[in-house]
Amino acid sequence: MSNDWQNTVEFARAVRRELHLNPELSWHEHETAARIRQILDELHIRWRSCAGTGTVALINEAGTSPAIALRADIDALPIKENSGVAWSSENEGCMHACGHDGHTAALLGTAKWLKQHENSLQRQIVLLFQPAEEGGHGAREMIAAGALEGVSEIYGWHNWPALPYGTMACPDALVMCGNGTFSVEISGRGGHASQPEACDDVVLAGAAVVQALQQIVSRRLAPQSQAVISITQFNAGSAPTVMADKAVIQGSIRVPDEVIRERINQLITDTARHTAAAYNTECLVVHTPRYQATINHPDQAATARLIWQELFGSESMNHGQSLPVMASEDFSYYLRKIPGAFALIGSNDGRNTPHPCHSPHYDFNDRLLEDVCRWFCRLTGMRTPP
């Protein structure tokens with residue numbers, strides 16, 4: 001392996017751990033953006049700010065157009081880290097629990113190699129360092145700010161601890177579901193715990209609502225439907241001797257398309273209202289759409305798979321994952337605008353417990369950095385040392 005390539009890999013690893021030490025939440029990635037831009041300056045890569053803390057970088061601007069884009073997300077999560085690694089978060093209550101530090105480092109490593117060999121490139125390359133993927137619609141805002149101008153296709157990826165190390169899931173169509181959240185507020189007459197007959201028991205009504213909502217997918221949708229309803233919060237009451245006058249239930253849905261989304265949302269509303277009414281309580285349901293499904297374009301998905309197989313062998317497609325996964329990604333915004341593909345790449349090498357993304361024990365597997373840098377480079381037409 002050439003010294004230049006090894007230096008690139010070590011550079012990416014160092015950047016990854018530096019970013020992990022200093023995580024920032026969606027739309028607050030000011031220091032992260034500053035560091036990314038500083039590195040781009042050091043690499044003599046021209047960039048511009050986009051959507052506030054986002055950055056668009058350009059390589060081989062004199063190359064043929066339209067350009068190919070590669071994307072990384074840069075934000076962290078409001079989670080207190082408990083990974084035990086030496087580079088644990090120094091920002092209390094915030095950590096890179098989803099591997100966006102690794103995604104960013106892989107793209108910066110790719111940038112370093114591409115810039116060093118810019119004269120060998122044919123196409124223009126656009127690098128997107130996107131803020132606010134974690135529910136903040138950062139991709140939507142990047143697009144609105146012109147991030148895809150002059151771009152004909154786009155590629156992205158996510159590390160996936162549930163997959164064996166180095167395997168890729170990149171189907172021709174649906175790869176990740178859309179999502180949304182909902183809130184059910186149940187209200188009634190509160191009062192003293194000794195007089196339930198004088199009250200409307202919103203806790204009992206709420207419990208019944210939870211039970212009913214959990215039966216929508218299994219009993220109101222066809223078994224072939226790829227959908228999830230999860231109740232994640234139930235809050236009510238102020239004291240052990242007081243019967244509350246309000247209970248709030250919140251949850252999340254995962255859907256493969258907008259038809260199923262509309263159907264589930266209507267069923268949630270109808271089920272909650274009718275169930276609450278049976279307990280003489282009132283009910284207000286609010287739905288909040290988040291991301292639509294992430295749907296790959298067949299030609300780009302085939303290219304992504306082909307290059308990965310050429311690099312790592314046909315066994316790298318043996319991921320064993322049922323698709324689509326029910327998690328969601330705002331990369332969906334890009335794929336609704338231009339052709340592209342999004343891949344899930346396995347990070348479970350058996351060396352450590354494969355903690356899932358969004359766990360306080362999670363840490364990105366640095367072994368992926370070299371592999372993804374090779375893949376990104378090949379997508380642009382650039383070779384890397386064997």
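Selection of segment 276-300 for residues being in contact with a Cys (Cβ under 8 Å, 6 or more places away or on another chain) and more than 28 Å from LEU335 (Cβ to Cβ) yields ALA276, ALA277. Annotation note: of ARG71, ARG48, the sole residue that is assigned by TED's automatic domain parsing to the domain that holds GLU370, surrounded by 20 or more Cβ atoms within 10 Å (Cβ to Cβ), of a type in the set (Lys, Arg) and closer than 22 Å to GLY340 by Cβ is ARG71.
Looking only at segment 314-361, residues that are in contact with a helix residue (DSSP H, G or I) (Cβ under 6 Å, 6 or more places away or on another chain), in a strand (DSSP E or B) and surrounded by fewer than 21 Cβ atoms within 10 Å (Cβ to Cβ) come to 0 in all.
Within segment 9-54, the set of residues being in contact with a Lys or Arg (Cβ under 7 Å, 6 or more places away or on another chain) and either over 29 Å from SER83 (Cα atoms) or among the charged types (D, E, K, R) (or both) comprises LEU43, HIS44, ILE45, TRP47. Please work out if GLN292 is modelled with pLDDT of 95 or more, assigned to a helix (DSSP H, G or I) and over 15 Å from TRP157 (Cα atoms). It is false that GLN292 is modelled with pLDDT of 95 or more, assigned to a helix (DSSP H, G or I) and over 15 Å from TRP157 (Cα atoms).
As a summary of the residue check, GLN292 satisfies the conditions (1) surrounded by fewer than 19 Cβ atoms within 10 Å (Cβ to Cβ); (2) over 29 Å from GLY188 (Cα atoms); (3) not small (Gly, Ala, Ser) except for the one numbered (1).
Yes/no matrix, rows are residues, columns are (1) free of Cβ contacts under 8 Å to residues at least 24 places away in the same chain; (2) touching a Phe, Trp or Tyr at 6+ places or on another chain (Cβ under 9 Å); (3) surrounded by fewer than 21 Cβ atoms within 10 Å (Cβ to Cβ); (4) not assigned by TED's automatic domain parsing to the domain that holds VAL126:
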| residue | (1), (2), (3), (4) |
| --- | --- |
| THR32 | no, yes, no, no |
| GLY63 | no, no, yes, no |
| GLU90 | no, no, yes, no |
| GLY93 | yes, no, yes, no |
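Scanning segment 159-171 turns up no residue that is out of contact with any strand residue (DSSP E or B) (no Cβ under 7 Å at 6 or more places or on another chain), among the polar types (S, T, N, Q) and surrounded by fewer than 24 Cβ atoms within 10 Å (Cβ to Cβ). For the structure I just gave you, tell me whether ASN265 is among the polar types (S, T, N, Q), out of contact with any helix residue (DSSP H, G or I) (no Cβ under 7 Å at 6 or more places or on another chain) and assigned to a loop (DSSP other than H, G, I, E, B). Here the answer is no, as ASN265 does not meet what is asked. Figure legend. Inter-residue proximity from segment 191-220: first residues closer than 19 Å to THR271 by Cβ, second residues part of a loop (DSSP other than H, G, I, E, B) and modelled with pLDDT under 95, beta-carbon distance below 9 Å, spacing 6+ or different chains. Indicated pairs: VAL202/GLY237; VAL203/GLY237; VAL217/SER225. Within segment 187-205, can one find any residue that is closer than 30 Å to PRO354 by Cα and not in a loop (DSSP other than H, G, I, E, B)? No, segment 187-205 contains no residue that is closer than 30 Å to PRO354 by Cα and not in a loop (DSSP other than H, G, I, E, B).
The values are calculated or read from the model by the stated rules, or taken from the named source; none is laboratory data. Everything numeric in this text was worked out from a predicted model, so none of it was measured. Heads up, the Cβs are rebuilt from the backbone with ideal geometry, glycines too, and the neighbour counts pull from every protein chain shown.
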